[in-house]
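Worksheet for the structure shown next.
The values are calculated or read from the model by the stated rules, or taken from the named source; none is laboratory data. This is a predicted model, so every value here is computed, not measured. Positions of Cβ are generated from backbone atoms using ideal geometry, with glycine treated the same way; all protein chains shown enter the neighbour counts.
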Amino acid sequence: MLTTSPTKPIGAPATNPVTNFFRSRLWRRLSRRKSALVGLVVVLFMMSIAVLAPLLAPYDPTAQTWTAVRKAPSMAHWFGTDEAGRDILSRIIWGARASLLAGLTSVGIAMAIGVPLGLAAGFLGGVIDGLISRFTDAMLACPFLILAIALAAFLGPSLTNAMLAIGITAMPLFIRLTRGQVLSIKAEDYVEAASAVGNPRWRIAVWHILPNILPQLMVQATLTIAAAIIAEASMSFLGLGLQPPAPSWGSMLNSAQRFLSNAPWMALWPGLSIFITVLSFNLLGDGLRDALDPRSR
Amino acid sequence: MSTLPHIHQDPSARSVRADNDPSTRVLEVANLRVVFEDETRTVTAVDGVSFSVHKGRTLAIVGESGSGKSVTSLAVMRLLPEHSARISGSVHFDGRQLLDETKSGMRSLRGNRMAMIFQEPMTSLNPSYTVGEQINEVILRHRDISKKEATQRGIDMLKLVRIPSPEARYSQFPHNLSGGMRQRVMIAMALACDPELLIADEPTTALDVTIQAQVLELMRDLQQKTGTAIVLITHDLGVVAESCDDVIVMYAGQVVEQCSVEDLFSFPQHPYTVGLLGSLPRLDEKRDQLVAITGTVPDMANLPSGCRFRARCPFSVAKCAEMPELMEVSAGHLSRCWRTPLQDLVP
């Protein structure tokens, strides 16, 4: 009944994904926002520092030099040294690993549990929705950091447990966001059309609804990474995160507080690092939210 | 534009009605009732609707908003939410009783042997996927063929619904397409698996008039080629005149008149149909003013006793306090009115 002769190969993408991204509407809209671009650049810079730490760090971050204790910044030690004579620049560079790892992993955990639960709550509704939503409300009633610290204290002090605790604490944010978005997308005509062509329910949820809420999840993830980095630093400050002598910005601040008046650089650099990283993630998140906001199109 | 013979050319051939020929019957709905219930009220949205659709023919379901026409079509497809809608009666499709069919049985029919087109082409396609991915999904769900063959089939379908440069359109996203183009894509998706039955719920309502005519003509041509039976849900009598064979007119959840298209326009037998026709602008008669039907549709949760059109009817008499049955006025022409035939009556 149907006869055609295709003139060119079909179905193959015209360009590779990287090129596609730089041509996409998201990129065009994001690149118009200077603050978001700055955020993106700093985030990428911090990430490359974390990845390349062994190559970039001028000294071993745990090597103690008792002849150079609490030295002010100099040509030999650009950021100075700490109370055990360790090079602060090297510790900052290695500390970026702990911070970013904690941010990314804990948000990964939060999304891996929260998004499926939110999808189930929003899509299935009824008793399942009631159970998941009440559980979410209960968790959100506790302050974020307090709950994370309580969980970490319960699990025992280590970076893995800190990430787990932050991830579980951030999970209800994703449950609630996913549920709300699913409820609004579920009412769209194309979801009804998808069931009118014989799709099973799980496929409608995963293939038809989930991709349409990814932008919102992406924004929430970026902003939550910032919160998770602060939470990790706070927990390391309290001794619940990465254990000494391994370098972490939070624990560096902790040891610096005893020498604030005579070695302020010990507190300055880790504080500045946390500030800049968190600010960059927030700028990027805000920029993404504006770029993805349908009202601003 | 079309080289195909116009299907309305020969009224005498059309008047040989296929209603009683079971071999061409694709869908038979009998005494369909849909009741929506919640804590506070019970609404009978569809009340004892019966009709059948035949291969190669188009049945129009006409009625104003809230008359139950869309609910009827969703009930046939079993797309109503099961926890709130109670459906009774019978829906026979290909010898199967759809109301007893399992969920997976229904899924294998939907999109495959019975397809649906929705009113809003702008929102009926998923914005996250290309046109091709969405057509492919339907084909691969119901046909055991390779992705490459499905792609070829998809492009053939786009060609069939006369989308220019189908290969390019195939890899575009819905936001790259106009409304008329998207409705063509919806039709291509609906027809991709050669369904026996196509339910089109106000397929042209959201389109502008010139595109409407093109889409209707496209559907007519495709029906000639494939023999698909079509149920066309509409409130637009112009669309009915242009593209349908048989008509049922619905009012407040009931069928009030059932006949061929010719009879509907030449000998309307229900006062509601007469009112609908009277409210149409026409070129061949001078009308100073369009006649609106007075009053409003009754509240479905609180229906009056007797004939549901009684309060708005210029012909109503005391007997109308009793609910009339659908009565045969002439062969194949049914009307739910005590006062039919209406010819000699004056309101």
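Kindly establish whether B:ARG57 is surrounded by 19 or more Cβ atoms within 10 Å (Cβ to Cβ), more than 24 Å from B:LEU334 (Cα to Cα) and not hydroxyl-bearing (Ser, Thr, Tyr). Walk me through it before giving the result.
Details: surrounded by 19 or more Cβ atoms within 10 Å (Cβ to Cβ): yes; more than 24 Å from B:LEU334 (Cα to Cα): no; not hydroxyl-bearing (Ser, Thr, Tyr): yes.
No; evaluated as a whole, the condition is false for this residue.
Identify the single condition in (1) within 26 Å of B:THR210 (Cβ to Cβ); (2) small (Gly, Ala, Ser); (3) more than 9 Å from every other protein chain (Cβ to nearest Cβ) that B:ALA115 does not satisfy, given that it satisfies every other one.
(3)
Just checking, does the stretch A:3-26 include any residue being at pLDDT 75 or above and away from every other protein chain (no Cβ under 14 Å)?
No: the stretch A:3-26 contains no residue that is at pLDDT 75 or above and away from every other protein chain (no Cβ under 14 Å).
So, in the stretch B:150-169, exactly how many residues are more than 10 Å from every other protein chain (Cβ to nearest Cβ) and among the basic types (Lys, Arg)?
Within the stretch B:150-169, residues that are more than 10 Å from every other protein chain (Cβ to nearest Cβ) and among the basic types (Lys, Arg) number 2.
Looking at the stretch A:58-84 only, could you name the residues that are among the hydrophobic types (A, V, I, L, M, F, W, C), buried (at least 16 other Cβ atoms within 10 Å of the Cβ), more than 13 Å from A:ALA267 (Cα to Cα) and under 30 Å from the mean Cα position of the chain (by Cα)? Let's see the steps before the verdict.
Within the stretch A:58-84, the subset among the hydrophobic types (A, V, I, L, M, F, W, C) is A:63, A:66, A:68-69, A:72, A:75-76, A:78-79, A:84.
Pick out the ones that are also buried (at least 16 other Cβ atoms within 10 Å of the Cβ) and you get A:68, A:79, A:84.
Cutting the leftovers down to more than 13 Å from A:ALA267 (Cα to Cα) gives us A:68, A:84.
Of everything in the stretch A:58-84, nothing turns out to be among the hydrophobic types (A, V, I, L, M, F, W, C), buried (at least 16 other Cβ atoms within 10 Å of the Cβ), more than 13 Å from A:ALA267 (Cα to Cα) and under 30 Å from the mean Cα position of the chain (by Cα).
Starting from residues that are under 22 Å from A:TRP202 (Cβ atoms) and not polar (S, T, N, Q), keep the ones in the stretch B:86-104 and report whichever is farthest from the other protein chains (Cβ to nearest Cβ). Spell out how you get there, then give the answer.
To start, the set of residues in the stretch B:86-104 that are under 22 Å from A:TRP202 (Cβ atoms) comprises B:101-104.
Those still in the list that are not polar (S, T, N, Q) too: B:101, B:103.
Values: B:GLU101: 12, B:LYS103: 8 Å.
Taking the candidates together, the pick is B:GLU101.
Search the stretch B:122-144 for residues being facing chain A (nearest Cβ under 9 Å) and not in a helix (DSSP H, G or I), and hand back the single one that is surrounded by the fewest Cβ atoms within 10 Å (Cβ to Cβ). Give the derivation first.
Residues of the stretch B:122-144 that are facing chain A (nearest Cβ under 9 Å), as a first pass: B:122-129, B:132, B:134, B:136-138, B:141-142.
If we keep only those that are not in a helix (DSSP H, G or I) as well, we get B:122-129.
Numbers: B:MET122: 16, B:THR123: 18, B:SER124: 26, B:LEU125: 25, B:ASN126: 24, B:PRO127: 12, B:SER128: 19, B:TYR129: 19.
Among residues in the stretch B:122-144 that are facing chain A (nearest Cβ under 9 Å) and not in a helix (DSSP H, G or I), the one surrounded by the fewest Cβ atoms within 10 Å (Cβ to Cβ) is B:PRO127.
If a residue counts only when it is under 18 Å from B:ASP201 (Cβ atoms) and in contact (Cβ under 8 Å) with a residue 60 or more places away in the chain, which strands (runs of 3 or more DSSP E) contained entirely in the stretch B:24-104 have at least 3 such residues? Walk me through it before giving the result.
Numbers: elements: B:25-37, B:42-54, B:58-62, B:85-93.
So the answer is B:25-37, B:42-54, B:58-62.
Output the number of the condition that A:LEU44 fails; it satisfies all remaining conditions of (1) in a helix (DSSP H, G or I); (2) surrounded by 14 or more Cβ atoms within 10 Å (Cβ to Cβ).
Of (1) in a helix (DSSP H, G or I); (2) surrounded by 14 or more Cβ atoms within 10 Å (Cβ to Cβ), only one is false for A:LEU44: (2).
Looking at A:ARG97, A:ARG203, A:ARG176 in this structure, which one is within 14 Å of chain B (Cβ to nearest Cβ) and without any contact (Cβ under 8 Å) to a residue 60 or more places away in the chain? Break it down stepwise before answering.
On the way: A:ARG97 fails: within 14 Å of chain B (Cβ to nearest Cβ); A:ARG176 fails: within 14 Å of chain B (Cβ to nearest Cβ).
Result: A:ARG203 is the single residue among A:ARG97, A:ARG203, A:ARG176 that is within 14 Å of chain B (Cβ to nearest Cβ) and without any contact (Cβ under 8 Å) to a residue 60 or more places away in the chain.
B:VAL185 fails exactly one of the following numbered conditions: (1) in contact (Cβ under 8 Å) with a residue 24 or more places away in the chain; (2) surrounded by fewer than 22 Cβ atoms within 10 Å (Cβ to Cβ); (3) more than 7 Å from chain A (Cβ to nearest Cβ). What is the number of that condition?
Of (1) in contact (Cβ under 8 Å) with a residue 24 or more places away in the chain; (2) surrounded by fewer than 22 Cβ atoms within 10 Å (Cβ to Cβ); (3) more than 7 Å from chain A (Cβ to nearest Cβ), only one is false for B:VAL185: (2).
Given the conditions (1) touching a Pro at 6+ places or on another chain (Cβ under 8 Å); (2) facing another protein chain (nearest Cβ under 8 Å); (3) touching a residue at least 24 places away in the same chain (Cβ under 8 Å), report the number of the one that B:ARG107 does not fulfil.
(3)
So, in the stretch B:170-180, of the ones that are facing chain A (nearest Cβ under 10 Å) and outside any loop (DSSP other than H, G, I, E, B), which residue ends up farthest from A:GLU188 (Cα to Cα)?
Going through the qualifying residues, I end up with B:TYR170.
Which of the strands (runs of 3 or more DSSP E) contained wholly in the stretch B:190-285 include at least 2 residues that are modelled with pLDDT of 90 or more and within 30 Å of B:VAL138 (Cβ to Cβ)?
On the way: elements: B:197-201, B:229-234, B:246-251, B:254-260.
The strands (runs of 3 or more DSSP E) meeting that bar are B:197-201, B:229-234, B:246-251.
Is it true that some residue in the stretch A:166-182 is closer than 30 Å to B:SER124 by Cβ and either surrounded by fewer than 16 Cβ atoms within 10 Å (Cβ to Cβ) or acidic (Asp, Glu) (or both)? Let's see the steps before the verdict.
Taking the stretch A:166-182 and keeping what is closer than 30 Å to B:SER124 by Cβ, we get A:174-182.
Filter once more, so that each one left must be either surrounded by fewer than 16 Cβ atoms within 10 Å (Cβ to Cβ) or acidic (Asp, Glu) (or both): A:180.
Yes.
So which residues in the stretch A:280-297 are assigned to a helix (DSSP H, G or I) and surrounded by fewer than 16 Cβ atoms within 10 Å (Cβ to Cβ), if there are any at all? Walk me through it before giving the result.
Kept after step one, since they are assigned to a helix (DSSP H, G or I), are these residues of the stretch A:280-297: A:280-292, A:294-296.
Answer for the stretch A:280-297, where residues must be assigned to a helix (DSSP H, G or I) and surrounded by fewer than 16 Cβ atoms within 10 Å (Cβ to Cβ): A:PRO294, A:ARG295, A:SER296.
Look at A:GLY103 and say whether it is crowded, with 21+ Cβ neighbours inside 10 Å and either basic (Lys, Arg) or touching a Phe, Trp or Tyr at 6+ places or on another chain (Cβ under 9 Å) (or both).
Numbers: crowded, with 21+ Cβ neighbours inside 10 Å: yes; either basic (Lys, Arg) or touching a Phe, Trp or Tyr at 6+ places or on another chain (Cβ under 9 Å) (or both): yes.
The answer is yes for A:GLY103.
Closer than 14 Å to B:ASP47 by Cβ, modelled with pLDDT of 80 or more and surrounded by fewer than 16 Cβ atoms within 10 Å (Cβ to Cβ): which single residue out of B:ALA301, B:ALA311, B:ALA318 fits that description? So that I can check it myself, show each step before the final result.
Working: B:ALA311 fails: closer than 14 Å to B:ASP47 by Cβ; B:ALA318 fails: closer than 14 Å to B:ASP47 by Cβ.
The conditions single out B:ALA301.
Here are A:ALA228, A:ALA194, A:ALA233, A:ALA165: which of them is within 13 Å of another protein chain (Cβ to nearest Cβ), in a helix (DSSP H, G or I) and either on the phi < 0 side of the Ramachandran plot or among the acidic types (Asp, Glu) (or both)? Even if it seems obvious, please write down each step before you answer.
Numbers: A:ALA228 fails: within 13 Å of another protein chain (Cβ to nearest Cβ); A:ALA233 fails: within 13 Å of another protein chain (Cβ to nearest Cβ); A:ALA165 fails: within 13 Å of another protein chain (Cβ to nearest Cβ).
Step by step, each of A:ALA228, A:ALA194, A:ALA233, A:ALA165 is checked, and only A:ALA194 is within 13 Å of another protein chain (Cβ to nearest Cβ), in a helix (DSSP H, G or I) and either on the phi < 0 side of the Ramachandran plot or among the acidic types (Asp, Glu) (or both).
How many residues are among the polar types (S, T, N, Q) and within 14 Å of the chain's Cα centre (by Cα) if we restrict to the stretch B:214-272? It would help to see each step written out before you state the result.
First pass over the stretch B:214-272, keeping only residues among the polar types (S, T, N, Q): B:214, B:223-224, B:226, B:228, B:234, B:243, B:254, B:258, B:260, B:266, B:269.
Imposing the further condition that a residue be within 14 Å of the chain's Cα centre (by Cα) reduces the set to B:228, B:234, B:243, B:258.
Summing the residues that are among the polar types (S, T, N, Q) and within 14 Å of the chain's Cα centre (by Cα) in the stretch B:214-272 gives 4.
If B:HIS83 meets every condition in (1) more than 24 Å from B:VAL185 (Cα to Cα); (2) modelled with pLDDT of 90 or more; (3) facing another protein chain (nearest Cβ under 10 Å) apart from one, which number is that one?
(2)
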